[in-house]
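The values are calculated or read from the model by the stated rules, or taken from the named source; none is laboratory data. Remember, predicted model here, so these are calculated numbers, not experimental data. Counting neighbours? That spans all protein chains shown, and the Cβs are built from the backbone with ideal geometry, glycine included. Each accessible area value is taken on the protein alone, full model and side chains, heavy atoms only, with ligands, DNA and RNA left out. Shrake-Rupley method; radii C 1.70, N 1.55, O 1.52, S 1.80 Å.
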Amino acid sequence: MEVNGDELEYLAAFGGNGASNRISRPCKERINRIKNNDPGFIDFVLQSGVANHFSDLAWKLIGRYIAENEYLKSILMRTRLLDDAKMSIFFNELSRGNSVALKKLELIKADFGINGIRSMVRYLKKSSLTVLEISHNESINTVCFELLLGSLSGGCIESLRLRCCDIDSIAAFENCTLPHLRLLNIDQNKIHSIPSFRTCKNLEHLSLEGNWIGRRGYSSVAKLLQEENPPVRYLDLTFTGMRDAEAELVASSLKQNTSLNHLRLEGNKIKEEGRRAFLELLNDASSIKSTCSSNHSIRLLELPRSFDLNVVRMFNHIDFAIQINKENAEDPQAASRMKVIDTQLHSNTRMELSGLQLLEYYYSSLFPQIEPLLLPNILSMMGEYHGQSELYRMLIATVPELVSIVNKKAALQQRLSDNVSRMDAINTEYAHQAATLLADYERQLADLTAEKNNRAAALHAENLDLQKELESIEK
């Protein structure tokens, strides 16, 4: 039977002679499904152990088969063998196709540089990609980034990840338009300044972990957060060299921000002043008005912690404010109301918050802030939420003359009852602090366990491919 030219090429690359004989059977089956335009095959993964045996012809044919495929949606290639030469061969074929099915391309731990990026340009300018990742590649520098971003400008890209590369500037964002970009992850680079992202109107997730962006970088971040209706919902500034001054700058920029929900700041040198800035951001105890105008949008805040007692107390109040924000995520007015009730209208809490925020505390300072017509409602609310003992303290502090007409025996009995309530409050606070610490420990342990399991699973999957490859060699 006569074999056409395409089949001869396929047999030469994957048929079984020479290096192609060492390509595992599962890999050959996946390539064959791409070649045959199998509608049930939409995700292609190529690991390092399998790619070791690919000839230049194999890379060429894979590019051609993907270009002609109508169903493949996702490609993940994780191999150091993907260098500039292989990229040129692969993308030269891929660029000739018109497939709009491919939406996700991940090139991880590859070894290509500027020439590899150049080979992608023609394909990227006409592609329908929405997700692109090029990570763990130290050959990707700022020049590569600028060329890549120019190729994506005006396109469909929604998620862009360039982690663990050698990029020191992302100023190219000022000269391109990415109207659909929602996620940008440029962790573990060498970036020292942050652009305005004015051309990325839908950027919701910004991750800058591991970049020491400096004072200018934090100023740019603060400016971004202070814009009218900024789109950013998630911001990761982990291990970016933040100190107290920068923490205060970022906290100040969030006073009017109602968009940001998640803020990660672990791994920085934030101490008492920086932590206090975020406590005041979430629940400013200086007045009822200030509490009402605090930030009610942040629902996750990760700061460096310690087991120092004062730090633990501060985090108890931070965590409590965050919890109120979470429980009232759709109703910031309800969050405002609960913060006033639970802090301003509770003497012990307001006293501790005032101390943590370096405010002068005296009980009667609360009442000049309340409209006289509202005072009966406030008194009723205090009795409902905090009990009669808190109401009694409020009245005595407000009207000292009442002391002269209070029965002394009844007052002593009330004081005894009050002390019992305070002891109960101390026990409750202890239980809350213990539960908070335990929950934090369990969360960190769960994250660590999940990371271990994910890494182990990835290695196990690679070992299965390698084992199959060994078995095919032995046969």
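Some notes on this structure:
- Phi angles across region 91-108 convert, under the Karplus curve 6.51 cos²θ - 1.76 cosθ + 1.60 with θ = phi - 60°, into 3J(HN,Hα) values of 6, 4, 6, 4, 5, 7, x, 10, 5, 9, 6, 5, 10, 9, 10, 10, 10, 10 Hz, Gly and Pro given as x.
- Neighbourhood net charge (12 Å Cβ-Cβ; Lys/Arg +1, Asp/Glu -1) for K190: -4
- With one equal scatterer per alpha carbon and no solvent term, the Debye-computed log10 I(q)/I(0) for region 189-250 at 0.29 1/Å reads -1.45.
- Charge dipole (Cα centre; +1 on Lys/Arg Cβ, -1 on Asp/Glu Cβ; no other charges) of region 42-187 amounts to roughly 420 debye.
- Solvent-accessible area, 1.4 Å probe, carbon plus sulfur percent, for region 176-216: 49 percent
- For the chain, the mean residue ellipticity at 222 nm estimated from helices alone is -16000 deg cm²/dmol, where every DSSP H run of n ≥ 4 contributes -39500 (n - 2.57) and the total is divided by all residues, rounded to the nearest 500.
- Remark: region 1-141 carries 46 Å² of accessible area per residue (probe radius 1.4 Å; ligands, DNA and RNA excluded).
- When the convex hull of its Cα atoms is viewed from all sides, the chain shows a mean projected area of 28.3 nm².
- Residue pairs, from the table K104/K126; K60/K86; K109/K468; K103/K468; K104/K125; K326/K452, whose Cα atoms sit over 19 Å apart: K109/K468; K103/K468; K326/K452
- Cβ charges +1 (Lys, Arg) and -1 (Asp, Glu), total dipole of the chain, debye: 300 debye
- Mean Cβ neighbour count within 10 Å, used as a protection proxy, ranking 231-237, 460-466 highest first: 231-237, 460-466
- Solvent exposure, largest accessible area first (probe 1.4 Å, DNA, RNA and ligands not counted), of W59, W212: W212, W59
- Carbon plus sulfur fraction of accessible area for region 413-475, probe 1.4 Å, in percent: 59 percent
- With K and R counted +1 and D and E -1, the other residues having a Cβ less than 15 Å from that of F145 yield a net charge of -3.
- In units of the compact-protein estimate 2.2 N^0.38 Å, region 102-159 shows a Cα radius of gyration of 1.03.
- Over region 265-342, accessible surface divided per residue gives 44 Å², non-protein components excluded, 1.4 Å probe.
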